[in-house]
Amino acid sequence: MMRAPRPSVLLQRITPGTLDRYLVRQMAPPFLISLAVVMTALLLERLLVLLNVLAADGGTLKIFAGLLADLVPHYLGLALPAAICVSVFSVVRRMSDNNEIDALMASGVSLLRITRPFVVVGAALGLVGFSLYGFIQPYARYDFRQAMYFAAHAGWTPHLQSGMFATPTGTLMLTADRVDGAGTRLHHVFIRDRSDGLERDISAESGTLHIADDRSSVRLDLAHGIIVTDRRDAAPTLTLFDTSTRIFQTVSQAHAFRSRGTDERELTLFELLRKVHSADPTIRRPHLVAELHFRIARALAIPFIPVLACALAGMAKRQRRNPGLAIAAISLVGFDHALQLGLSLVASRAMSPWLVIWGPFLLFCGSCIWLIVHRAGSAGSGRTWHGPFARLPTRASASPSS
């Protein structure tokens, strides 16, 4: 009858050892560098597009920073698997070049034991990915769409042109002979304001528009002008000014944007699960099912990426080049495209997610496990660090003394 292990033995088994801490410390710098490089590469193209859109619409730096912050969770979810793969691969490859792997195996440490701390880190990052895909990205996606709508429908101020008559409200009309500075600097300005039961005709040599950060109001600073006020029941009054400020209230576009939840990608995992069982008429059920299975499969695959990287990082001593990183990159991209294809098939053709989403998932994870076990058996047989596809020895050599 087998005895249950003592609590002290269990604690000793789960406590990270010297080897675990060493491997994690070696992994941390390349992981952070890889994550920064991949994030920069992914964000660069979108940053240029955002700059062009905001420059055309007269957006401020604060709006740009908010849009950029909303994009970070989306691209972080894409960069996380790539950073894990590159960092683990580079650590194992460097240890192989420095004969550290040979020394560990000679002391009885198997490749599976070397892989264990990387898998634990991958599992922790898988929880991060689960939070990103399931809860953070839906809110960030909605906030980004709302901010883009807010910036694109900022009202009339970014689109004011020379000689154009703008009517931001029913009681206000504005025109200028010349407009520059992306619609913010006006020359020879004329304003007719019929609010509060009065008519004010304002003319000025120049003016500058300042849009509030929340786009709820516009401030117009006028210089060197005249205000003619018609009170209807009294004689008109004439006022000369050197500087004057007018505040125009605009309609807040934040409240005009739709509410969150009309797109399945804006729903959290719990909301997806609830809508799947409640048959929400606003979103088709196949779209909800596809999105739910896609996110879970994507998060659960992250802990298997270090296994793939460790298995492909081995390099024979006489081998100059190792195609392992290229194979890992192709595998990750192919797996991601397979999940995307499964998502589309479930959403558009109502196919079973267990076939087109979980099928590629099981194939990818099973291949990673088979590859690391095969590699560990090959490396453990001869105590040497062979290539990832080295054959297992078929027969033990006979001893000269026998």
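Once neighbouring chains are kept in place and the probe is 1.4 Å, which whole percent of the accessible area of the stretch 85-154 is contributed by carbon and sulfur?
67 percent
Let me cross-check TYR139: its accessible surface, 1.4 Å probe, with only protein heavy atoms counted, in Å² to the nearest 10? Solvent-accessible area, nearest 10 Å²: 110 Å². A Förster distance of 45 Å, applied to the separation of the beta-carbon atoms of ARG284 and VAL37, puts the FRET efficiency at 0.70. For the stretch 349-362, the Karplus equation 6.51 cos²θ - 1.76 cosθ + 1.60, evaluated at θ = phi - 60°, returns couplings of 10, 6, 6, 6, x, 5, 8, 9, 10, 7, x, x, 4, 5 Hz by residue, with Gly and Pro reported as x. Test of understanding: extend the Cα→C-beta vector of HIS337 to 7 Å, then name every residue of the stretch 289-306 with backbone N under 19 Å from that spot. Correct set: 298.
The residues neighbouring THR243, those whose beta-carbon lies less than 12 Å from its own, together hold a net charge of -2 under the Lys/Arg +1, Asp/Glu -1 convention.
Would you mind calculating the gained length between LEU68 and THR15 on full extension (0.36 nm times residue separation, minus the Cα-Cα distance), in nm to one decimal?
Values: separation 53, 0.36 × 53 = 19.08 nm, distance 3.95 nm.
So the chain would gain 15.1 nm between LEU68 and THR15.
Using a Förster distance of 45 angstrom, determine the FRET efficiency expected from the C-beta separation of ARG178 and VAL128, and round it to 0.05. Mind dumping the intermediate values first?
Working: r = 53 Å, r/R0 = 1.19.
With R0 = 45 Å, the Cβ-Cβ based efficiency is 0.25.
The label-point distance for ALA235 and PHE165, in a model that sets each label 7 Å from Cα toward Cβ, rounds to 3.1 nm.
For a Förster distance of 56 Å, can you work out the FRET efficiency between the beta-carbons of ASP242 and LEU44, rounded to the nearest 0.05? The partial results should precede the final answer.
Working: r = 47 Å, r/R0 = 0.83.
Approximately 0.75, to the nearest 0.05.
At a probe radius of 1.4 angstrom, the accessible area of the stretch 59-119 per residue rounds to 38 square angstrom. All other residues with a Cβ under 10 Å from the Cβ of ARG192 taken together, and with Lys, Arg as +1 and Asp, Glu as -1, what is their net charge? Residues close to ARG192 contribute a combined charge of -1.
The values are calculated or read from the model by the stated rules, or taken from the named source; none is laboratory data. What you see is a predicted model, and the numbers here were worked out from it, not measured in a lab. Every residue, glycine among them, receives a Cβ derived from its backbone with ideal geometry; neighbour counts consider all protein chains shown. Just the protein is used for accessible areas: all its heavy atoms, side chains included, with ligands, DNA and RNA removed. Shrake-Rupley method; radii C 1.70, N 1.55, O 1.52, S 1.80 Å.
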